[in-house]
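To keep things clear, I will list the structure first and then write my remarks on it.
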Amino acid sequence: MHEHDPNHIIDLRSDTVTKPTPAMVKAMSSAVVGDDVYGEDPTVNRLEEISAAKMGKEAALFVPSGTMANLIACLVHCNRGEEIIMGEAAHTFLFEAGGVSALGGMMVHTVKNQEDGSMRLADIRSAIRPDDDHQPRTRLILLENTHNRCGGVYLTPGYTDQVGALAKTHGLAFHIDGARIFNAAVAQGVDVRHLVDRSDSVTFCLSKGLCAPVGSVLCGSRSFIAEARRARKQLGGGMRQAGVIAAAGIVALQEMVDRLADDHIRAQRLAAGLQTDKRIFASYKPNATNMVFLSISDDYPITAVELVARLKERNILVGDVAEKSIRMVTHYWIDDMDIDQTVQAIHEIIAAC
Ligand SMILES: Cc1ncc(COP(=O)(O)O)c(C=O)c1O
């Protein structure tokens, strides 16, 4: 796919490192633009229309990041002092700088994430507060699909529908952090709409496996998106000639979704290549997509930080996620040779210790 020169960097830290494809660069350079805060950028408007249609929602809003999309969704669904139920390993809980609490005054009520990324329905049910003046009001359930920290694992349409039904029974709003929802759809061979049918809002990222340089899209009802527009403005996320970046987002949706299957195959290849050494454990769960987590056996004297450093010396970048564990994420700019080189490098480093 791309040249293998000695300076070639194999960057497996995240799919966020993806650079725009040549088709995106072309689309960006010829994008027709306007002032999107006035609603006058035709390219942004088109991206929003395409996104809403893909998700089966009435409307959509282009925002700078997944973090802002989740924050806006929470701000629109919840009031100050109200509670959001989410997994203890949710990105919104762990990695969004506490924005929902700092900026929205909301409480997060965490529920245990199971190995497969789900939360037990019984656990969600028991986290819902009774109608009692002493307690915060539960307002929202937030699901993450694919679930990053649980291994890049997908949730099924059946499970999502059950959570949606539970939310409805209790009069709660239901938001999906679908930063990588297209990975979830492609891995299961289902239309993405079936993963979000029962949700009140969903966000997905254009700038992860889909390779666009910037941006996420938040989708929901027309009235939800009207409120979301106000919240985006409050947060300083109103962008002007944003069609320059939205143009890449359109290419992402048109050309980059189906090929995510290649990333999943490469992640499997990576995990399989690493499973031959008993001193390390490469995790690729049955519902995994484009992430491989590797743990080093406790009685083996190398830490994740050391492994990251030794791989870096060989131009291979990976991320440490715990004392003895690293994460590797496949994406468009990783090919089969990169995978094989990474497998070989890890085996050599482990053998030499
Ligand atoms: C599951 C999930 N949600 C949200 C985000 C936030 O996206 P951004 O980095 O665009 O703010 C990420 C980023 O990696 C993510 O993995």
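What follows draws every value from the coordinates through simple rules; no lab data is involved. What you see is a predicted model, and the numbers here were worked out from it, not measured in a lab. No Cβ is skipped: glycine too gets one built from the backbone with ideal geometry, and neighbour counts run over all protein chains shown.
Pick from 41, 133, 197 the residue whose mean-square fluctuation is largest in a GNM of the chain, springs joining Cα atoms under 10 Å.
133
Would you please calculate the Kirkwood hydrodynamic radius of region 214-304 over all C-alpha pairs and express it in Å, rounded to one decimal?
Result for region 214-304 stands at 17.2 Å.
Which of 322, 282, 261 moves the most in a Gaussian network model of the chain with Cα springs under 10 Å?
Sorting by GNM fluctuation, first place goes to 322.
Can you list residues from other chains, or at least 5 along the same chain, whose modelled amide H is less than 5 Å from the amide H of residue 111?
86, 87, 88
Do you know the relative contact order of region 28-160, to the nearest whole percent, from alpha carbon pairs under 8 angstrom that are 6+ apart?
Relative contact order comes out at 21 percent.
Enter the mean projected area of the convex hull around the alpha-carbon atoms of the chain, in nm², rounded to one decimal.
18.1 nm²
Estimate the FRET efficiency between residue 37 and residue 353 by the formula 1/(1 + (r/R0)^6), using the beta-carbon distance for r and 41 Å for R0, to the nearest 0.05.
Using R0 = 41 Å, I get an efficiency of 0.15.
Between residue 120 and residue 197, how many nm apart are label points set 7 Å from Cα along the C-beta direction?
2.7 nm
Going by a ≥ b ≥ c, the root eigenvalues of the Cα gyration tensor, does region 1-90 fall in the rounded group (a/c under 1.5), the prolate group (a/b larger than b/c) or the oblate group?
Oblate is the answer for region 1-90, as a/c is 1.5 or above yet b/c matches or exceeds a/b.
Given the C-alpha centroids of region 92-107 and region 19-72, what is the distance between them in whole angstrom?
Computed from Cα coordinates, the inter-centre distance equals 25 Å.
Hey, with R₀ at 25 Å, roughly what FRET efficiency would residue 95 and residue 234 work out to, going by the Cβ-Cβ distance, to 0.05?
0.70
Between residue 335 and residue 19, how many nm apart are label points set 7 Å from Cα along the C-beta direction?
1.5 nm
Please report how far the C-alpha centroid of region 302-351 lies from that of region 148-175, rounded to the nearest whole angstrom.
Cα centroid to Cα centroid, the span is 33 Å.
Mind checking which of 121, 353, 210 is farthest towards the positive end of the chain's charge dipole, using Cβ charges of +1 (Lys, Arg) and -1 (Asp, Glu) about the Cα centre?
Most positive-ward Cα: 121.
Quick one: go through region 37-79 and flag any residue whose amide nitrogen is under 15 Å from the point 7 Å out along the Cα-to-Cβ line of residue 226.
58-60
Checking the a/c ratio against 1.5 first, then a/b against b/c, what shape does the Cα gyration tensor give for region 276-327?
It is oblate, given that a/c is not under 1.5 and a/b is not larger than b/c.
Can you count the Lys pairs in the chain whose Cα atoms are under 25 Å apart, with each pair 8 or more apart or on different chains?
21
Explain nothing, just the number: relative contact order of the chain, from Cα pairs under 8 Å at least 6 residues apart, as a whole percent.
The value is 24 percent.
Contour minus end-to-end for residue 278 and residue 312, with contour as 0.36 nm per residue of separation and end-to-end as the Cα-Cα distance?
Going from the current span to full extension adds 9.9 nm.
Enumerate by residue number the GluC sites (Glu not before Pro) in region 277-341 meeting two conditions: DSSP loop (anything except H, G, I, E, B), and at most 11 other Cβ atoms within 10 Å of the site's Cβ.
Here the sparse-neighbourhood loop sites are 323.
Rounded, prolate or oblate, given the Cα gyration tensor of region 82-210, with a/c below 1.5 counting as rounded?
Prolate.
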